[in-house]
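Everything on this sheet refers to the single structure shown next.
A short reminder: the numbers here are calculations on the coordinates, not readings from a lab. These numbers were taken from a predicted model, which means no experiment stands behind them. Neighbour counts run over all protein chains shown; Cβ positions are idealised from the backbone, glycine included.
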Amino acid sequence: MNLNAELYFIRHGESNGNVGIPEPGVHSDDPRLTENGLKQANLIAARFANYNISAIYTSALIRACQTMQPTAEDHGIEMHVLRELMEVGTTLPNTDPVACKKLAPNAYGDLCRVARDPVRFAPEDGSHEVCAARAAFSMETVFGGCADGDRVLICTHGGFIGYLLRYCLGISMPEHFNWQIDNASVFGIRLYKDKIPKLICANEISHLK
């Protein structure tokens, strides 16, 4: 990682699945945000309102796309959608593009591309090895699009953030290491040229208060 950049990892806002609200006709692995989750999405946008955001990456599940929609709108940018950022052990390759067009239009264009692409990793394989490989692929994709001074937002899921952080920080932890990861929380990492990266915030939720 030979660049100076800031990465912010965001867990999606509160979903119907998080609070046990049934959604008839919706796949159980792809719940939408609750009303509270939509408020959290707006608070995330406010938290990053004064940042020069270079890119937004999101999981291919609708709750992550919805979470980043207000921020993408505010900054006038389209989201990059990565299947590899999806939750551990999901059984879906991606959300329905039609639903995305309505609920998170700034992710729709890239999601249509993703929906046509071959699946690299079996979504339902939640093994430690596959999740670590997905994290490596995701972050190398992000790094490949980064330039010096960039600030990048990456929206993913509570079960997967730990794999991304481990990869970026170059650390090894037990498979079942427990991170405290609240809905709509933010983890920040600062990358440096020729220096070890620094964790600058963890499970930050001050923007939600």
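Quick rundown of the values:
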read-out: Calculated log₁₀ intensity ratio I(q)/I(0) where the Debye formula runs over C-alpha points of segment 110-205, q = 0.11, 0.13, 0.19 Å⁻¹; value: -0.36, -0.51, -1.10
read-out: Per-residue ³J(HN,Hα) for segment 69-83, Karplus 6.51 cos²θ - 1.76 cosθ + 1.60, θ = phi - 60°, Hz, x for Gly and Pro; value: 4, x, 5, 4, 4, 4, 9, x, 10, 8, 7, 8, 9, 10, 4
read-out: Likely footprinting exposure, VAL142, VAL130, fewest C-beta neighbours within 10 Å first; value: VAL130, VAL142
read-out: Partners for LYS39 among aspartates and glutamates (Cα-Cα distance below 20 Å; same-chain residues under 8 apart left out); value: GLU14, GLU23, ASP30, GLU73, ASP74, ASP182, GLU204
read-out: Distance histogram for segment 5-208 (every C-alpha pair counted, 5 angstrom bins, percent rounded to whole numbers); value: 1, 8, 17, 22, 22, 17, 9, 3, 1, 0, 0
read-out: Most mobile of ARG63, ARG116, ARG151 in a GNM of the chain (Cα contacts under 10 Å); value: ARG116
read-out: GluC sites (Glu not before Pro) lying in DSSP loop within segment 29-118, provided at most 10 other Cβ fall within 10 Å; value: none
read-out: 222 nm mean residue ellipticity, helices alone, for the chain (DSSP H n ≥ 4; -39,500 (n - 2.57); rounded to 500); value: -11000 deg cm²/dmol
read-out: Positive-end residue, segment 5-208 charge dipole about Cα centroid, Cβ charges, pick of MET79, VAL19, GLY37; value: MET79
read-out: Total charge dipole magnitude, segment 5-208, about the Cα centre, Cβ charges on Lys, Arg, Asp, Glu only, Debye to nearest 20; value: 320 debye
read-out: Segment 118-166 and segment 52-85: distance between their alpha carbon centers, rounded to Å; value: 14 Å
read-out: Karplus 3J(HN,Hα) series, Hz, for segment 84-91 with 6.51 cos²θ - 1.76 cosθ + 1.60 (x for Gly, Pro); value: 5, 8, 6, 4, 5, x, 5, 9
read-out: Gaussian network model of the chain, springs between alpha carbon atoms under 10 Å - residue of PHE143, PHE177, PHE121 with greatest fluctuation; value: PHE177
read-out: Residue among TYR163, TYR51, TYR108 with the largest mean-square fluctuation in a Gaussian network model of the chain, springs linking Cα atoms under 10 Å; value: TYR51
read-out: Other-chain or far-sequence residues with amide H under 5 Å of ASN203's (modelled H); value: VAL186, PHE187
